[in-house]
1. Using R₀ = 30 Å, calculate the FRET efficiency as 1/(1 + (r/R₀)^6) where r is the Cβ-Cβ separation of Leu139 and Arg109; round to 0.05.
2. Through the Karplus equation 6.51 cos²θ - 1.76 cosθ + 1.60, θ set to phi - 60°, convert the phi angles of region 94-101 into ³J(HN,Hα) values in whole Hz; use x for Gly and Pro.
3. Run down the aspartates and glutamates and flag those whose C-alpha is under 19 Å from the C-alpha of Lys154, throwing out any fewer than 8 positions away in its chain.
4. Answer with one residue from Asn149, Leu124, Ala138: the one whose Cα lies farthest towards the positive end of the charge dipole of region 114-170, charges on Cβ with Lys, Arg +1 and Asp, Glu -1.
5. Cα gyration tensor of region 54-170, axes a ≥ b ≥ c as square roots of the eigenvalues: rounded (a/c below 1.5), prolate (a/b > b/c) or oblate?
6. Residue by residue through region 147-158, what is 3J(HN,Hα) from phi via Karplus (6.51 cos²θ - 1.76 cosθ + 1.60, θ = phi - 60°)? Round to whole Hz and write x for glycine and proline.
7. Does region 121-160 come out rounded, prolate or oblate, given a ≥ b ≥ c as the square roots of the eigenvalues of its C-alpha gyration tensor, rounded meaning a/c under 1.5 and, failing that, prolate meaning a/b above b/c?
8. Could you go through region 107-118 in sequence order and give the Karplus-derived ³J(HN,Hα) for each residue, using 6.51 cos²θ - 1.76 cosθ + 1.60 with θ = phi - 60°, rounded to whole Hz, and x for Gly and Pro?
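A short reminder: the numbers here are calculations on the coordinates, not readings from a lab. Bear in mind the structure is a predicted one, so any value in this text is a computation, not a measurement. Counting neighbours? That spans all protein chains shown, and the Cβs are built from the backbone with ideal geometry, glycine included.
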Amino acid sequence: MAWLNSELTQANPFCAVSELRMKKLFDDRENLHDQVRLLKSQLEQRNGVHGVQNPGENAQENGIDPHLLELQRDSNRQISELKFKLVKSEQEVTTLEQNVLRLEGQVCRYKSASENAEKIEDELKVEKRRLQRELRSALDRIEELEVSNSHLSKRLEKMKANRNALLAQQ
């Protein structure tokens, strides 16, 4: 699989871009997971620290500090946003993986088509060489026959001339 990925990145720049995007998305997903964990731990720490307060320190509403409520809302909003980004990143990773599989299939098909074309090309080259040899031998044979024909034509002319000379003498 690794050699195919290296061939894909060499043969198709789109694959290299897709691979880089996938790595970036994986890194983003890990960062988002880390941020969610950090925010949850901060929220738990604040709940633990602010949960044991003196009742007279701040104005509280139903026994809950408004500042703490605001922090919790912000944390929940950030967690929701990060979860949404995580889901979106996972969907994009899935899409990219499907694209990689599709492109790998295309590479296999194109590779086999290329190999078949090369095989046919080699066969055609062999056939061309054979035909060129036959053509050269046929042209040589034609030249021999033309030379022979010319020689025979000259002999025939001489024979006719000799016969006409003999007939003229008689």
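1. Efficiency, rounded to the nearest 0.05: 0.10.
2. Couplings: 4, 4, 5, 5, 5, 4, 4, 4 Hz.
3. Glu143, Glu144, Glu146
4. Asn149
5. prolate
6. 5, 4, 4, 4, 4, 5, 4, 5, 5, 4, 4, 5
7. It comes out prolate by the Cα gyration axes.
8. These are the phi-based 3J(HN,Hα) values: 4, 4, 5, 5, 5, 5, 5, 5, 5, 4, 5, 5 Hz.
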